[in-house]
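Below: the structure, in structure tokens.
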Number of protein chains: 2
Amino acid sequence: MDVARAAQVSRQTVSNVVNRPYRVAPQTLERVTAEILRLGFRPNLAARSLRQERANALGVELHAGSGRRMGDIRDVFLVELTIASRQHDSHLVPFAAADFEHPLPAYEDLVASKLVDAFVLTDTRHDDPRPAWLRDHGVPFASFGRVWDEPEFSWWVDVDGATGVADGVRHLLENGYSRIGFLGWPAGSPIGDDRRSGWVEATTDAGVFVPAWRADALGELGAAAAAAAPLIEAIGPGGTLVCASDVMALGAWTVLRERGLTPGADFGLVGFDDSDLAESFGLTSLRQPLTDVAENLLSILEHARLGGNLPTQGTVFRPTVVARNSTNPLGAPAAPATGGTSAGNRTSSGGST
Amino acid sequence: MDVARAAQVSRQTVSNVVNRPYRVAPQTLERVTAEILRLGFRPNLAARSLRQERANALGVELHAGSGRRMGDIRDVFLVELTIASRQHDSHLVPFAAADFEHPLPAYEDLVASKLVDAFVLTDTRHDDPRPAWLRDHGVPFASFGRVWDEPEFSWWVDVDGATGVADGVRHLLENGYSRIGFLGWPAGSPIGDDRRSGWVEATTDAGVFVPAWRADALGELGAAAAAAAPLIEAIGPGGTLVCASDVMALGAWTVLRERGLTPGADFGLVGFDDSDLAESFGLTSLRQPLTDVAENLLSILEHARLGGNLPTQGTVFRPTVVARNSTNPLGAPAAPATGGTSAGNRTSSGGST
DNA sequence: TAGCGCTTTATGAACGATCAAATGAACGTT
DNA sequence: AACGTTCATTTGATCGTTCATAAAGCGCTA
């Protein structure tokens, strides 16, 4: 090894400098470090991986099928996960199952070839075969989203939809609105039910709960608009709608505009996910703290390896309200604005429950 | 090695079975293959990578800063790249530069630690330091998007915006529209100028070019709506707009809806990129053939390694028109529909020029 | 001063694959 | 029967690091 010769130490000492500097005498450390910098030395990760029998890499499945892409946030989530993984001295290996109905072979490949040593799961669902398979094969994993079928499994992180929506409701109340409806998905989906419950709770607390001010639709914009129309009628001008997603909020947005109403000034709107859409349309939305989620997932997996303190139950993060013109009652410009609080994309707010 | 012992051959023969099956006698091949399957053997990729001095991995930078995320298509592009890389026996390593204004250290890290042996660049721009650095360090790379500063560099793949927009214009003509305007970005951006030229060309060919039916705006929805309003006024009902992006088309869309006009029936709209937005709003759009782009990039890099025939000039793919209600003159439902040709997300159309 | 303990550095082996070269087997040619 | 060729398979070395362990240095105590 070049560095070793240049610094007149053994290769093992160089290894120690890189991996356990505290074991090395100060002046040796300095001398070797100087040579490392001078020669631009970086450990060959393949060799390290081979010797340590550990890849320092995480598999992340990218579902190719339409839908199942985490709303619009997958792109941002991947960025956050990428950044977080670097801080944990590892990297991501994205992959897609050849047949996305049967993902296990892809997981098996990655594990058997030792290309990754853990996974981050997303889009978990009932009857998801992955958690059981990974558990049975002793492969560590952490999930963004609850793992429904394994109640005792606690290495998951999720976003508190109920509290998020409740915060959205309170944001509306603070801005002077008081007639607050909810546009969500039909009962039965865990995420949808969670978000709706936040509306029930927060409006009840404030004494403004009106059960009739609720409608359901499935994801599509058209369906959302159709469901929103009578609701907007019923709630009336000066009212508001909190929606289970940004797309749904946009459905309501289009209804408002067709009636000549200005979102914000005439009728408040809150979306969910803070997707690019929300920024484009000046839509107030609930941003998921994906930076925290990613960091937490990585942290769990690191502790799983090194034996730190692991969560005994799932972790839930709270979204933050990103206020834009659609909840500004003071008459924002008719055209959607440049995008309210659009400063940095990365936030680090949100606490656990 | 277990497989070797089980099949009673040497470890090298197992290696040959995996990597050069044609060198192995048929019955030996069969016997070893059977054992490989039975034992679920997969080569340890770290060991292979160490010995071959090659990672079989591609670095892909994910720009974290807002903007610079390839419109809305990065997510889809990453999926396509992931799938393509698997077919080329390699995998992706996504990364983000700590300081996205100075990306080189991140590239240097990956190269020096031999974690990747090539890169796919995106979002190349003038004065991009990356191409020169990679060239100077002998690191192979291919780019999605032209590499402006190095005219002799030909390992890039791009999408033919002009032809795409021209196809959009022809699609409108075929559907019976004849008054066709263009909403784009201010002159000076290569991509914007390219797309606009397709409008000029195709309308001129058809004898329906009206220079005044053009407006410019910058990316934001509000600005696009503001620019679209007078243009829609000028072109009049029954007219159409081809737009440089889906978001701009949506700006026009909102203007139409506010005036009680139905996109398609009353006024045609064509967007660009076929993002999720387009599907949600039933907006006809131009889909970039990302499957082809990804495959081509991987193919270039593979040939670069093995010495196949390499492109002597950049490759340009043609987008495809995805027809939806916004260009259906026969009066589509007022609410945006479930999404026209929304079948599979992966297409393989598009030829090179 | 011998012996002990602690810190610091060095040595040999190993991780699991592929490379380069050698060996063995089969076959036709002279 | 000896020889060269080709095909199939094996052998030993090697990639660059870290592990396990040994050795060296050094101060302190008995």
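The values are calculated or read from the model by the stated rules, or taken from the named source; none is laboratory data. These numbers were taken from a predicted model, which means no experiment stands behind them. Cβ placement follows ideal geometry from the backbone for every residue including glycine, while neighbour counts extend to all protein chains displayed.
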### Message
Of the residues A:GLU61, A:GLU80, only one is more than 9 Å from every other protein chain (Cβ to nearest Cβ), in contact (Cβ under 8 Å) with a residue 12 or more places away in the chain, out of contact with any Lys or Arg (no Cβ under 6 Å at 6 or more places or on another chain) and crowded, with 17+ Cβ neighbours inside 10 Å; which?
### Response
A:GLU61
### Message
Filter the stretch B:171-222 down to the residues that are among the basic types (Lys, Arg) and touching a helix residue (DSSP H, G or I) at 6+ places or on another chain (Cβ under 6 Å) and list them by number.
### Response
B:ARG179, B:ARG195
### Task
Could you grab the pairs with beta carbons closer than 8 Å, sequence gap of 6+ or different chains, first residue in the stretch B:1-14 and within 12 Å of DNA strand C (Cβ to nearest atom), second one among the basic types (Lys, Arg)?
B:MET1/B:ARG11; B:ALA4/B:ARG11; B:VAL9/B:ARG31
### Query
Which one of the conditions (1) in contact with a strand residue (DSSP E or B) (Cβ under 7 Å, 6 or more places away or on another chain); (2) within 21 Å of B:LEU115 (Cβ to Cβ); (3) touching a residue at least 40 places away in the same chain (Cβ under 8 Å) does A:HIS91 fail to meet, given that it meets all the rest?
(3)
## Note on the structure
Among (1) surrounded by fewer than 24 Cβ atoms within 10 Å (Cβ to Cβ); (2) out of contact with any strand residue (DSSP E or B) (no Cβ under 6 Å at 6 or more places or on another chain), A:GLY251 falls short only on (1)
### Summary
Note on the stretch B:257-271: residues buried (at least 23 other Cβ atoms within 10 Å of the Cβ) and at pLDDT below 95 are B:PRO263, B:GLY264
### Query
Based on what the data block shows, is A:ASN19 more than 8 Å from DNA strand C (Cβ to nearest atom), surrounded by fewer than 16 Cβ atoms within 10 Å (Cβ to Cβ) and within 33 Å of the chain's Cα centre (by Cα)?
yes
### Query
Which is in contact (Cβ under 8 Å) with a residue 24 or more places away in the chain and either assigned to a helix (DSSP H, G or I) or over 21 Å from the mean Cα position of the chain (by Cα) (or both), of A:VAL139, A:VAL157, A:VAL147?
A:VAL139
### Message
Against the definition (closer than 24 Å to A:ARG318 by Cβ and of a type in the set (Lys, Arg)), how does A:ARG146 come out, yes or no?
### Response
yes
## Note on the structure
Apart from one, (1) at pLDDT 95 or above; (2) away from DNA strand D (no atom under 16 Å from the Cβ) all hold for A:GLU30; the odd one out is (1)
### Task
Could you run through the stretch B:197-222 and say how many residues are surrounded by fewer than 18 Cβ atoms within 10 Å (Cβ to Cβ) and in a helix (DSSP H, G or I)?
6
### Query
Within the stretch B:113-125, can one find any residue that is without any contact (Cβ under 8 Å) to a residue 40 or more places away in the chain and within 14 Å of chain A (Cβ to nearest Cβ)?
yes
### Task
Please name all residue pairs, on different chains or six or more residues apart, with Cβ atoms under 6 Å, provided the first residue is in the stretch B:37-52 and is farther than 13 Å from B:ARG11 by Cα and at the interface with another protein chain (Cβ under 7 Å from one of its Cβ atoms) and the second residue is surrounded by 18 or more Cβ atoms within 10 Å (Cβ to Cβ) and of a type in the set (A, V, I, L, M).
B:LEU45/A:LEU115; B:ALA46/A:ALA46; B:ALA46/A:LEU50; B:ALA47/A:LEU50; B:SER49/A:ALA46; B:SER49/B:ALA55; B:LEU50/A:ALA46; B:LEU50/A:LEU50
### Summary
For A:THR240, the lone unmet condition from (1) closer than 21 Å to A:LEU283 by Cα; (2) at pLDDT below 95; (3) not aromatic (Phe, Trp, Tyr) is (2)
### Task
Exactly one condition in (1) in contact (Cβ under 8 Å) with a residue 40 or more places away in the chain; (2) within 14 Å of another protein chain (Cβ to nearest Cβ) is not met by A:ALA97; state its number.
(1)
### Message
Is it the case, given these coordinates, that B:VAL9 is within 12 Å of DNA strand D (Cβ to nearest atom) and more than 40 Å from the chain's Cα centre (by Cα)?
### Response
yes
### Query
When you look at B:LEU110, is it touching a Gly at 6+ places or on another chain (Cβ under 6 Å) and within 11 Å of chain A (Cβ to nearest Cβ), yes or no?
yes
